[in-house]
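Below is one structure, written out as structure tokens; comments come after it.
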Amino acid sequence: MTNEDMVKNLADNFQNKGLEILYAMCNGYNEPADVQGVKPDIIGWDSEQEIYHLGIVADSETITFDSTKEKMEILAKMMMGVGTSEGKHLPFYVGVTKDASDIADKKLQETNLLSQGNIQKILV
């Protein structure tokens with residue numbers, strides 16, 4: 001499965017949650033901008049809660065990269081700066097292939113960010 005396929009699957013998941021896809025690293029969408037030096041694979045918008053949703057995707061190889069861990073650590077700490085959700089952590093999704101699922105669990109535990117309650121792992 002290509003990176004673009006994983007992003008498309010995560011985009012479908014976002015849309016099923018009622019989110020608007022603003023940016024995504026796949027055909028049909030504009031590329032996301034860097035956020036504090038890292039680039040999410042997808043950015044969605046929840047118009048009811050007025051909050052952005054961020055996501056990255058990884059397979060069994062890329063989930064082990066330091067750059068993936070760095071993305072998780074930075075993006076999972078992002079908070080809404082304005083609006084009715086100001087000060088809330090942005091929902092953050094790690095879309096992984098089945099063979100990367102256990103490794104993703106370990107990497108997320110290593111970040112010590114799971115207690116924030118805003119991180120979800122999704123199989124893509």
So in the chain, what percent of DSSP beta bridges are antiparallel if you round to the nearest 5?
50
For the chain, the per residue accessible area (1.4 Å probe, Å²) is 53
Along the range 24-41, what does the Karplus equation 6.51 cos²θ - 1.76 cosθ + 1.60 (θ = phi - 60°) give for ³J(HN,Hα), rounded to whole Hz, x for Gly and Pro?
7, 7, 7, 4, x, 9, 6, 6, x, 7, 5, 10, 6, x, 10, 10, x, 7
Lys, Arg +1 and Asp, Glu -1 on Cβ, resulting dipole of the chain about Cα centre, debye, nearest 20
240
Once neighbouring chains are kept in place and the probe is 1.4 Å, which whole percent of the accessible area of the chain is contributed by carbon and sulfur?
44
Quick one: which residues, 5 or more positions from LYS88 or on another chain, have an amide H under 5 Å from its amide H? H modelled 1.01 Å from N in the peptide plane, none for Pro or chain starts.
MET80
One finds the C-alpha centres of the range 6-51 and the range 53-105 to be spaced, in Å, by 12
Kindly state, to the nearest 0.05, the FRET efficiency for ASP34 paired with GLU110, given R0 = 22 Å and r defined as their beta-carbon distance.
0.40
Can you list which of the GluC sites (Glu not before Pro) found in the range 1-56 are DSSP loop residues with at most 12 other C-beta atoms within 10 Å?
GLU48
Max mean-square fluctuation residue, GNM over the chain, Cα-Cα springs under 10 Å, options PRO32, PRO40, PRO91
PRO32
How about the range 1-73: which trypsin sites (Lys or Arg not before Pro) there are in a DSSP loop, with at most 16 other Cβ atoms within 10 Å of their Cβ?
LYS17
Starting from the amide H of GLY55, placed 1.01 Å from N in the peptide plane, find each other amide H under 5 Å away whose residue is 5 or more places distant or on another chain.
ASP41, ILE42, TYR93
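The values are calculated or read from the model by the stated rules, or taken from the named source; none is laboratory data. Please read all numbers here as calculations on a predicted model, not as lab measurements. Ideal geometry is used to build each Cβ from the backbone, glycine not excepted, and the neighbour counts take in all protein chains shown. Surface areas here come from the heavy atoms of the whole protein model, side chains and all, with no ligands, DNA or RNA. Shrake-Rupley method; radii C 1.70, N 1.55, O 1.52, S 1.80 Å.
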